[in-house]
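The structure under discussion appears below in the form of structure tokens.
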């Protein structure tokens with residue numbers, strides 16, 4: 001190897017030796033810089049996480065109370081679509097066959113630790129009507145409950161029972177007559193009379209209520225004869241007529257009506273109850289000389305204040321096999337005219353989705369022949385919220401008796 005060649009090789013090794021340490025130093029610097037940048041990035045991410053947690057806490061504090069309120073509000077309701085065939089309609093202005101929306105209910109309910117409230121609207125007619133608007137609470141440190149507002153009369157079994165769970169298309173005749181509309185404005189209080197800490201004690205509960213007494217559904221009932229209503233016609237009247245206006249939740253006198261109800265449950269399958277209702281009603285009578293069914297200026301008139309009393313007893317039994325028995329008797333007094341009625345219903349769950357029921361329903365008024373209806377119904381539950389009902393009623397022993405066939409579909413949610 002020449003000296004020139006050796007010089008070139010030596011110079012090459014010298015350059016490599018100088019370059020390698022320099023490259024190694026550069027990599028260390030880069031790694032160090034990357035580590036520093038990564039540490040800074042971690043710090044920034046930690047700061048952002050703290051900000052997110054703070055924002056989440058602020059949002060939770062602001063939103064959760066409203067979420068809790070909405071979770072306590074429950075919306076529900078049901079729609080009933082009905083076909084009805086009356087072979088002898090009592091009202092000549094109505095067709096014997098008709099389809100209509102019988103119920104279109106929307107209910108909002110809310111609960112708290114000590115009570116609840118309910119608001120129910122009905123849209124089955126041409127306008128939306130208020131059905132229920134009440135609050136209920138438990139008096140602190142007691143077992144007494146109070147409900148106030150617009151609600152169903154707490155009388156007997158069938159009056160407060162919803163049509164969404166009732167087996168027959170309508171309530172018994174006597175309850176339709178004495179508790180038309182089923183609702184009024186007032187207040188009731190309940191309290192158990194048994195030792196609630198004793199598991200073997202028979203549950204007994206007392207209810208006491210006060211109501212306007214006039215109901216909330218608009219009604220305008222005319223009777224062509226005072227004698228038909230049990231009143232003596234004043235001398236000189238040629239065409240006497242009486243009219244009782246009810247509804248709108250307004251009281252038509254300065255008196256309140258009172259209700260008492262006592263319930264007992266001797267066994268888990270059996271419920272017993274007795275009810276009493278006491279009040280007064282104001283009835284206006286006049287001599288309808290021009291027969292226009294309206295009181296005109298100058299026509300003789302007279303106002304009657306009459307007793308409005310009702311007494312009733314009810315029984316409700318259902319066992320594990322699906323057999324059910326319900327019975328209720330009610331006697332009512334409206335001035336000189338008395339009304340009484342009795343209904344008994346037997347039912348049986350035929351399959352997990354089918355129920356059959358029959359009812360004997362009778363009602364009588366002073367001086368009139370009794371109405372007697374035999375009723376039968378079959379209910380099929382298509383799913384948890386859809387029900388089909390087929391029913392037939394045969395009216396006997398009354399001038400207005402009629403046979404009614406009903407087909408109804410109901411959807412609840």
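The values are calculated or read from the model by the stated rules, or taken from the named source; none is laboratory data. All values reported here derive from a predicted model rather than from experimental measurement. All Cβ positions, glycine included, derive from the backbone under ideal geometry; neighbour counts span all protein chains shown.
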Tally, over the stretch 100-121, of residues that are more than 14 Å from residue 410 (Cβ to Cβ) and either in a strand (DSSP E or B) or under 13 Å from the mean Cα position of the chain (by Cα) (or both): 13
Checklist (1) closer than 21 Å to residue 374 by Cα; (2) touching a residue at least 12 places away in the same chain (Cβ under 8 Å) applied to residue 102, failing item: (1)
Selection count, the stretch 302-314, where residues are buried (at least 17 other Cβ atoms within 10 Å of the Cβ) and over 29 Å from the mean Cα position of the chain (by Cα): 1
Matching residues, the stretch 274-303, being assigned to a strand (DSSP E or B) and farther than 20 Å from residue 211 by Cα: 284, 285, 286, 287, 301, 302, 303
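For the stretch 372-398, which positions are more than 25 Å from residue 411 (Cβ to Cβ) and modelled with pLDDT under 90?
Passing the criteria: 395, 396, 397, 398.
Look through 114, 59, 119 and report the one residue that is more than 30 Å from residue 393 (Cβ to Cβ) and either at pLDDT 90 or above or surrounded by 15 or more Cβ atoms within 10 Å (Cβ to Cβ) (or both).
On the way: 114 fails: either at pLDDT 90 or above or surrounded by 15 or more Cβ atoms within 10 Å (Cβ to Cβ) (or both); 59 fails: either at pLDDT 90 or above or surrounded by 15 or more Cβ atoms within 10 Å (Cβ to Cβ) (or both).
Answer to the check: 119.
Here's the yes/no breakdown for (1) assigned by TED's automatic domain parsing to the domain that holds residue 285; (2) surrounded by fewer than 18 Cβ atoms within 10 Å (Cβ to Cβ); (3) modelled with pLDDT under 95; (4) assigned to a loop (DSSP other than H, G, I, E, B):
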| position | (1), (2), (3), (4) |
| --- | --- |
| 195 | yes, yes, yes, yes |
| 199 | yes, yes, yes, yes |
| 215 | yes, no, yes, yes |
| 221 | yes, yes, yes, no |
| 225 | yes, yes, yes, yes |
| 231 | yes, no, yes, yes |
| 236 | yes, yes, yes, yes |
Filter result (surrounded by fewer than 21 Cβ atoms within 10 Å (Cβ to Cβ), under 30 Å from residue 359 (Cβ atoms) and within 14 Å of the chain's Cα centre (by Cα)) within the stretch 130-179: 132, 134, 150, 152, 160, 161, 162, 163, 164, 165, 166
Selection status of residue 340, over 17 Å from residue 172 (Cα atoms) and over 25 Å from the mean Cα position of the chain (by Cα): no
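Taking the stretch 141-169 on its own, how many of its residues are outside any loop (DSSP other than H, G, I, E, B) and free of Cβ contacts under 8 Å to residues at least 60 places away in the same chain? Outline the logic, then answer.
So in the stretch 141-169, the residues outside any loop (DSSP other than H, G, I, E, B) come out as 145-152.
Still in the running and free of Cβ contacts under 8 Å to residues at least 60 places away in the same chain: 145-149, 151-152.
So the answer is 7.
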Residue list for the stretch 256-294, filter: over 30 Å from residue 203 (Cβ atoms) and surrounded by 16 or more Cβ atoms within 10 Å (Cβ to Cβ): 280, 281, 282, 283, 285, 286, 287, 288
